[in-house]
Amino acid sequence: MTRRQKKNNPWDNFKLGRSTGKKGKPKRRILILCEGEKTEPNYFRAFRVTSVIIDVLGLGANTTSLVEEAIKQKKEAKEKNEPFEEIWCVFDRDSNPKANFNKAFELAKRNNIHIAYSNEAFELWYLLHFSYLNTGISRKLYKAKLTESMRKTYEKNSTTIYEELLPMQSTAIKFAKKLIKTYPTPNPEKDNPSTTVFLLVEKLNANK
C-alpha cells in the first residue's frame, strides 16, 4: 500500500527534523501553527529545545482557519501513528471579527488544541520584555514603542529577535502573568491588552 502523495505542501518547508530517542523511538512532538507567516514562526523556531521536536508553520490564516488546520494536522498525525504531544495555535485579536475570534476558542477547547493569543498584537509579548503595559494601544504604536525600547528600529520579521529579547524573557513572563490577573473574568476578545504567549514559552522552556 502506498501513501497518498501531497503536492506543494508548505508544511514540508517548516519541519525542523525527525530525531529519534533511545531504541529508535521517536521523540515527543509539539506542533505550533502561527497566524503570521514570519514574525511568530521566526521567534518560536529560535527556541533551543532538546527533549522534544518542535514543528512550526506560518500559515497566514485567520483564527478559525488556523484551528481548523490544527484539527486536520492532529487527525493526520494520529492516523500515521505519529501523534503530537500538544498542538498550539498562535494568533492575534487584531481586526478579526468577534464571532470568528470566539469561535476559534470554542473549537480549540472541544478538540484539545492550545491557544497562545495576543490582544491586540503579538508584539505585546515583545513589549512586556521591557515594561509593564496595562493600557490598550493601537497596533500601529507597537513598532514605535519597540523601537524606543530596543534603541534601534524594530524589524517585524526579524530572525534575531529571540536572541535579542532572551535576557529579559523572565520579565516578560512575569508581566504577562500579572496582566492576565487584572481580568477577574477573562474574555480574550475584549481584554486589551492581554496575552497568553507566556504559556507556550514556558512549555518550550521546560523542554530545553
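The values are calculated or read from the model by the stated rules, or taken from the named source; none is laboratory data. Since we're looking at a predicted model, the values are computed, not measured. All Cβ positions, glycine included, derive from the backbone under ideal geometry; neighbour counts span all protein chains shown. Just so you know, the surface numbers come from the protein's heavy atoms only, side chains and all, with ligands and any DNA or RNA stripped out. Shrake-Rupley method; radii C 1.70, N 1.55, O 1.52, S 1.80 Å.
A few remarks follow.
- Verdict on residue 179 being modelled with pLDDT of 95 or more and either open to solvent by 20 Å² or more (accessible area, probe 1.4 Å) or more than 19 Å from residue 137 (Cα to Cα) (or both): no
- When residue 186 is tested against (1) open to solvent by 80 Å² or more (accessible area, probe 1.4 Å); (2) farther than 30 Å from residue 72 by Cβ, only condition (2) is not met.
- Whether a residue is surrounded by 12 or more Cβ atoms within 10 Å (Cβ to Cβ), among the hydroxyl-bearing types (Ser, Thr, Tyr) and modelled with pLDDT under 95 was assessed, and residue 142 passes this test.
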